[in-house]
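Undergrad: Attaching a single structure in structure tokens format; questions to follow.
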Amino acid sequence: MEKTNKPKNARFAAFIKKNLYLILMIVCVIAIATMVAVTYAVRQKGTENAIDVSAKEQPSHTETDVTDKPTSTDEPKDEPTASDEVLFDLPLEGETVGVFANDTLVYNATLNQWSTHEAYDVAAEAGTEVKCVYDGKVESITTSVLRGTEVVVLHGNGMKTVYSLLGSDVKVSVGADVKKGDVIGHIAETGTFEKHKGPHLHLEVWNAEGEKVDPTLFFESTDK
Ligand SMILES: [Zn+2]
């Protein structure tokens, strides 16, 4: 047994001796390669994480945008006005004879001048009832040559609706609570500032800031 083993062992030992440096080098190369591979793998994981993070940040813009965000999100908050919630009833059934125009000039044949028209005009025969478009309280009733009898209704949200060119025989009094659909007055041939349109209601809507806004924004549908 020894005799057969010895040469084998001897050969193996000789082989090891002969190739010791080579083996050591191979072992070293494998060790270095492993280290490099591990290091690379770890690094790659790190960059993957970094990519993930930046990918998550991307939809919310760059860092500078993120710092700007509070101001940009504050601005649109003011935009949704009462128009999203408030829904008016039509004050009467009739033909639209004037639309809201605050950025274009409309010719007024009666006054022979061009001006904005920040109201909604609905024509109907004299005597046609004009109804309150939304719950509120009558703030004022005035009469003038230009605007006929005019009723202003203040609503709970700070908005106002102004019904101009009415007959003097109004159905409400100052301070009275009015509901949507209550008769306020009637169409008449009073008021001179839009006489060329014939008898009609000149309806204005003022928002809580006192700006005139398009009344049709608050109607479910209008027969334009
Ligand atoms: Zn008008």
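Bear in mind these aren't lab numbers, they're just calculated from the coordinates by the rules spelled out. The shown structure was predicted, so the numbers you read here are calculated from the model rather than taken from an experiment. No Cβ is skipped: glycine too gets one built from the backbone with ideal geometry, and neighbour counts run over all protein chains shown.
Undergrad: Using 0.36 nm times the number of residues separating residue 99 and residue 135, minus their current alpha carbon distance, what extension gain do you get? Kindly include the intermediate steps, with their values, before the conclusion.
TA: Numbers: separation 36, 0.36 × 36 = 12.96 nm, distance 2.33 nm.
Extra length from residue 99 to residue 135 when fully extended: 10.6 nm.
Undergrad: Against the 2.2 N^0.38 Å scaling, with N counting residues, where does the stretch 114-160 land? I'd like the Cα-based Rg ratio to two decimal places. Kindly include the intermediate steps, with their values, before the conclusion.
TA: Numbers: Rg = 12.6 Å, N = 47, 2.2 N^0.38 = 9.5 Å.
Against the empirical 2.2 N^0.38 Å value, I get 1.33 for the stretch 114-160.
Undergrad: Hey, got the Cα dimensions of the stretch 85-218 along the principal axes, in Å, largest first?
TA: Over the stretch 85-218, Cα extents along the principal axes are 38, 31, 24 Å.
Undergrad: While we're looking at this one, here's another question. Could you pull out every residue, at least 5 positions away or on a different chain, whose amide H is within less than 5 Å of the one on residue 101? Hs are placed 1.01 Å off N in the peptide plane, and Pro or chain starts have none.
TA: 117, 118, 119
Undergrad: Add +1 for every Lys or Arg and -1 for every Asp or Glu among the other residues with Cβ under 10 Å from the Cβ of residue 213, and state the total.
TA: Values: positive: 212; negative: 118, 204, 209, 211, 214.
It works out to a net charge of -4.
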